[in-house]
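Asker: Below is a structure I'd like to ask you about.
The values are calculated or read from the model by the stated rules, or taken from the named source; none is laboratory data. Values in this document were obtained by computation on a predicted structure and should not be read as measured data. Quick reminder, even Gly has a Cβ in these numbers, built from the backbone with ideal geometry, and neighbours come from all protein chains shown. Side chains included, ligands, DNA and RNA excluded: accessible areas come from the protein's heavy atoms. Shrake-Rupley method; radii C 1.70, N 1.55, O 1.52, S 1.80 Å.
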Amino acid sequence: MDPLLEDPINTNKSADLIITELSEKYKENPYILNRLQIYITNLPTMLDLENKKYEERVSRINELTLEQDNFYKVFLSKHQYFYMPYNNIYYEYDGKTFRIIKDDDIHHHLLSTITDEGKLMPWKHKTKQNIIKQIKDRTLFKSVPETYTIQHVLGFLQTIFETKMDAKYFLTIIGDCILKKNVSEKPLQYFINSNTKKLVLLIDSIGYITTGTSIMGNFISKYHDTHDLLCYRLIKTNDSPISSELIKDQLNKIGIDLLCVAAHYSDRYSNSDNFLNIKAEETNKMYSMIFLHNSVDKIVTDFIKQCIDVSTNTSSADIIKYSLSWKNMHYIWKQYLSSINVPNMIYTSGLKDLLKSKLLYSNNNSNNSNNELQQGLGQGSDLNNNDIVFLNVTSKFLPSVSSFMSFWEKHITILTNNNNNNIDNIDNIDSFDDEYEIDEIASLYKSSEFKNVLISDKDIIKMINHYFSPQVEVIDNKYVTNIRCNLWTKHEDISAHLDIFKAARKVSLEKEKEKEKEKEKELISFDELYKSYKSYCQAKHIVDKHVLPIVSKQFFEKYLLHELHKYIKFDRFVSSEWIHDE
């Protein structure tokens, strides 16, 4: 029905009957009858005028309606506004990045545009209200990012993931999570390492503010026996450590962009598993779905095939050579998982039982043969803990383990409260202990008599964590605490240098007695002392013909702050009073 039409008069009377009744009613009133005659006579003209006005009004409304529809399309196309109901926040997309925008700014922009164009002024507020309603129907995660935005996000993620395909898979996973697609009875669980966890936590904080939903429940970093392995999916990333601060800084800039690209990929490929099936190469697909296609038993069998050499004809004389303690076997298992970049998926007891079902083994009963095994297997075998030994087996990984263990056994002492005071020729051992950096231990190993096997820094960290934790702690994969190496006592080197520096400076002052009072107030910077220490070490290396590491500046300054604390000025200087004190 035409909206301009008024409701018709509710009557069944015809026009002729109405005129007849009016004539009869006012037959005694000439004036009214005259007026009736005039109205009837002018009725065609009046109706023509009324019809013309009506047609003009309809034309105007149609014109405004068409103009309004076009305005909606053009405005919403040129100005991509979106809305999130949870946080009641509007977003604007400029073709490159998404940003939060105030609703007042949108209203002002709308009204200004309508005013400037002029045609919709009669419907100004009506048009504004309708567009705001349409914007509220455009949720943020239904947006379609442009190529620039997608490539910018992928460029950032490729600093963390090995390939662009891995980054896209990760984005699809994030999209599934924020769109709540992964909420079935047995949802997928995505394994992440410590590097990726930093990234996911920061994405989660942005996602939670935007949607009110946390995605962390979809990610795990450790196996649990209540999990269904068929639901595990792996995400491949770089091994290189990443800075949380750098990631946080970048996500503050492109966090919303990343979420929108993630939602776009999830919508485009339906879900992350479908992405693997459609887009990923077979190697990527098999890696991410390794637990879907491989049982734990098969993975352990592959481990034995690739890492364990099984001998069927081993003489009693070779029993030590062809034996692996449980501790060593467990370490080689960890090395294997690391080499294929797969997280552990079985508890230690379960792994031990599975290996016992596949390999010949012997329990430790403290008999003579086991005493021989203990001597042959060396430090870390744990035979004294009623553990088992696998027989007729060896491994290509064992030489590196044995070599480092021999180095450790001969040259490294694990410090305890009981033996700190018994170490000879160590001053202030109770108050200051050495700490060694991983590359320093690697250098000491390479300079020792056990350097016949190439061992990486990562392997050293893994062996220390496996064989000597928790007595020895590796901090930030860089610093090893609670040990002392008899090849190099770090603070003795520094102490010897400081003695020489002090003596040399005292001689210098004696030669310039007239300036001695002024020199007494002189400050010696940490930088000057460290440069002097490096020169001392380099000269010592030439004289001794034996190269040892030089302590890091951080450790050097830590030593100064501890040992010369009463002479420290302005945090980074040593007072010359130290030179004169005996």
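Asker: Would it be correct to say that Arg505 is under 37 Å from the mean Cα position of the chain (by Cα) and basic (Lys, Arg)?
Answerer: For Arg505, the condition - under 37 Å from the mean Cα position of the chain (by Cα) and basic (Lys, Arg) - is not met.
Asker: Would it be correct to say that Val153 is touching a Leu at 6+ places or on another chain (Cβ under 7 Å), open to solvent by less than 40 Å² (accessible area, probe 1.4 Å) and assigned to a helix (DSSP H, G or I)?
Answerer: The answer is yes for Val153.
Asker: When the residues of the stretch 532-582 are narrowed to those that are farther than 30 Å from Ala442 by Cβ and among the β-branched types (Val, Ile, Thr), which ends up modelled with the lowest pLDDT?
Answerer: Here the residue is Ile579.
Asker: To continue, here is another question. Pairs please, first residue from the stretch 282-311 and of a type in the set (Val, Ile, Thr), second anywhere and open to solvent by 30 Å² or more (accessible area, probe 1.4 Å) and not in a strand (DSSP E or B), Cβ atoms under 6 Å, 6+ apart in sequence or on different chains.
Answerer: Between residues of the stretch 282-311 that are of a type in the set (Val, Ile, Thr) and residues that are open to solvent by 30 Å² or more (accessible area, probe 1.4 Å) and not in a strand (DSSP E or B), the close pairs are Val300/Leu354.
Asker: Can you tell me how many residues within the stretch 183-234 are small (Gly, Ala, Ser), in a helix (DSSP H, G or I) and closer than 30 Å to Arg99 by Cβ?
Answerer: The total comes to 3.
Asker: Going through the stretch 288-312 one residue at a time, which ones are among the hydroxyl-bearing types (Ser, Thr, Tyr) and outside any loop (DSSP other than H, G, I, E, B)?
Answerer: Result: Ser288, Thr301.
Asker: Being touching a strand residue (DSSP E or B) at 6+ places or on another chain (Cβ under 6 Å) and at pLDDT below 95, is that true of even one residue in the stretch 310-317?
Answerer: Yes, that holds for at least one residue.
Asker: Next up: What about Phe303, is it farther than 30 Å from Leu354 by Cβ and open to solvent by less than 70 Å² (accessible area, probe 1.4 Å)?
Answerer: no
Asker: Of Thr163, Thr226, Thr172, Thr210, which residue is open to solvent by less than 20 Å² (accessible area, probe 1.4 Å), among the polar types (S, T, N, Q) and either more than 30 Å from Tyr86 (Cα to Cα) or in contact with a strand residue (DSSP E or B) (Cβ under 9 Å, 6 or more places away or on another chain) (or both)?
Answerer: Sole residue among the options that is open to solvent by less than 20 Å² (accessible area, probe 1.4 Å), among the polar types (S, T, N, Q) and either more than 30 Å from Tyr86 (Cα to Cα) or in contact with a strand residue (DSSP E or B) (Cβ under 9 Å, 6 or more places away or on another chain) (or both): Thr210.
Asker: Which count do you get for residues in the stretch 156-178 that are among the hydroxyl-bearing types (Ser, Thr, Tyr) and in a helix (DSSP H, G or I)?
Answerer: Residues meeting the conditions: 2.
Asker: Of all the residues that make up the stretch 246-267, how many are within 19 Å of Tyr190 (Cβ to Cβ) and among the basic types (Lys, Arg)?
Answerer: Going through the stretch 246-267 one residue at a time, the tally reaches 0.
Asker: Go through the stretch 30-70 and give me each residue that's of a type in the set (Lys, Arg) and either under 60 Å from the mean Cα position of the chain (by Cα) or modelled with pLDDT of 85 or more (or both).
Answerer: Arg35, Lys52, Lys53, Arg60, listed by residue number.
Asker: Among the numbered criteria (1) loosely packed, with under 15 Cβ neighbours inside 10 Å; (2) at pLDDT 80 or above; (3) not hydroxyl-bearing (Ser, Thr, Tyr), which single criterion is violated by Lys128?
Answerer: Every condition holds for Lys128 apart from (1).
Asker: Please name all residue pairs, on different chains or six or more residues apart, with Cβ atoms under 8 Å, provided the first residue is in the stretch 239-257 and is outside any helix (DSSP H, G or I) and the second residue is open to solvent by less than 50 Å² (accessible area, probe 1.4 Å).
Answerer: Here the result reads Asp239/Asn195; Ser240/Asn195; Pro241/Asn195; Ile242/Ile160; Ile242/Asn195; Ile242/Leu199, each pair linking the stretch 239-257 to a residue that is open to solvent by less than 50 Å² (accessible area, probe 1.4 Å).
Asker: Let me ask you something else. Considering only residues that are surrounded by 12 or more Cβ atoms within 10 Å (Cβ to Cβ) and among the charged types (D, E, K, R), which ones fall in the stretch 33-56?
Answerer: Arg35
Asker: Still on this model: Cβ-Cβ under 9 Å, sequence separation 6+ or interchain: first residue in the stretch 170-187 and free of Cβ contacts under 8 Å to residues at least 40 places away in the same chain, partner of a type in the set (Val, Ile, Thr) and exposed (fewer than 15 other Cβ atoms within 10 Å of the Cβ). Which pairs?
Answerer: Listed by first residue and then by second, the contacts come to Lys180/Thr213.
Asker: Anything in the stretch 57-94 that is closer than 22 Å to Lys133 by Cα, in contact (Cβ under 8 Å) with a residue 12 or more places away in the chain and either open to solvent by 70 Å² or more (accessible area, probe 1.4 Å) or small (Gly, Ala, Ser) (or both)? List them, or say none.
Answerer: Selection gives Pro85, Tyr86, Asp94.
Asker: Out of the stretch 570-582, which residues are touching a residue at least 24 places away in the same chain (Cβ under 8 Å) and either of a type in the set (A, V, I, L, M, F, W, C) or open to solvent by 80 Å² or more (accessible area, probe 1.4 Å) (or both)?
Answerer: Phe570, Arg572, Phe573, Val574, Glu577, Trp578, Ile579
Asker: Can you name the condition, by its number, that Asn344 falls short on among (1) among the polar types (S, T, N, Q); (2) modelled with pLDDT under 90; (3) under 30 Å from Asn238 (Cβ atoms)?
Answerer: Exception for Asn344: condition (2).
Asker: Which is out of contact with any helix residue (DSSP H, G or I) (no Cβ under 7 Å at 6 or more places or on another chain), within 17 Å of Ala167 (Cβ to Cβ) and surrounded by 15 or more Cβ atoms within 10 Å (Cβ to Cβ), of Tyr287, Tyr265, Tyr269?
Answerer: Result of the check over Tyr287, Tyr265, Tyr269: Tyr287.
Asker: Here's a follow-up. Asp204 passes all but one of (1) touching a residue at least 24 places away in the same chain (Cβ under 8 Å); (2) in contact with a Ser or Thr (Cβ under 8 Å, 6 or more places away or on another chain); (3) of a type in the set (D, E, K, R); (4) open to solvent by 10 Å² or more (accessible area, probe 1.4 Å); which number fails?
Answerer: For Asp204, the failing item is (1).
Asker: Output the residues belonging to the stretch 114-136 that are touching a residue at least 40 places away in the same chain (Cβ under 8 Å), out of contact with any Leu (no Cβ under 9 Å at 6 or more places or on another chain) and under 20 Å from Tyr91 (Cα atoms).
Answerer: Asn130, Lys136
Asker: For residues that are touching a helix residue (DSSP H, G or I) at 6+ places or on another chain (Cβ under 8 Å) and β-branched (Val, Ile, Thr), tally how many sit in the stretch 272-284.
Answerer: Residues that pass the stated criteria total 1.
Asker: Would you check if Phe556 is under 14 Å from Lys531 (Cα atoms) and either of a type in the set (Asp, Glu) or in contact (Cβ under 8 Å) with a residue 24 or more places away in the chain (or both)?
Answerer: Taking the combined requirement at face value, the residue satisfies it.
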